[in-house]
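Worksheet for the structure shown next.
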Amino acid sequence: MSKKGVVYKRTDKNGGKYIGQAKSDARYKARQKEHDRSNPLAEYKFKEVGRAPSVGKI
């Protein structure tokens, strides 16, 4: 059974958008914290937009 990675969209309060990927649910949660730490004044919303096999790059 292959694990599924998360494809997500990050939107900021000014309408900026970013599509990202994480190899697991745990990594997705960690990425959200990393985005917030890197940009402490930003207000982000995260939304899962899909899943993909987590083999190499997703």
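The values are calculated or read from the model by the stated rules, or taken from the named source; none is laboratory data. Just so it is clear, the structure is predicted and the values come from calculations on it, not from any experiment. With ideal geometry, Cβ positions are generated from the backbone for all residues, glycine too; neighbour counts draw on all protein chains shown. With ligands, DNA and RNA removed, areas are computed over all heavy atoms of the protein, side chains included. Shrake-Rupley method; radii C 1.70, N 1.55, O 1.52, S 1.80 Å.
Please find, within the range 1-34, the residue that is nearest to residue 45 (Cα to Cα) out of those that are open to solvent by less than 90 Å² (accessible area, probe 1.4 Å) and more than 11 Å from the chain's Cα centre (by Cα).
12
Regarding residue 31, is this residue of a type in the set (Lys, Arg) and touching a helix residue (DSSP H, G or I) at 6+ places or on another chain (Cβ under 8 Å)?
Numbers: of a type in the set (Lys, Arg): yes; touching a helix residue (DSSP H, G or I) at 6+ places or on another chain (Cβ under 8 Å): no.
The answer is no for residue 31.
What are the pairs with Cβ atoms under 6 angstrom where one residue, in the range 19-45, is part of a loop (DSSP other than H, G, I, E, B) and the other, located anywhere, is open to solvent by 50 Å² or more (accessible area, probe 1.4 Å) and not acidic (Asp, Glu)? Sequence gap at least six, or different chains.
Within 6 Å, the pairs are 43/13.
For the range 46-58, what are the residues that are without any contact (Cβ under 8 Å) to a residue 40 or more places away in the chain, over 11 Å from the mean Cα position of the chain (by Cα) and not in a loop (DSSP other than H, G, I, E, B)?
Within the range 46-58, the first condition is being without any contact (Cβ under 8 Å) to a residue 40 or more places away in the chain, and the residues that meet it are 46-47, 56-57.
Applying the additional criterion that residues be over 11 Å from the mean Cα position of the chain (by Cα) yields 56-57.
Matches in the range 46-58: none.
So which of 33, 4 is modelled with pLDDT under 95 and out of contact with any His (no Cβ under 6 Å at 6 or more places or on another chain)? Step through it out loud before you land on a result.
On the way: 33 fails: modelled with pLDDT under 95.
Answer to the check: 4.
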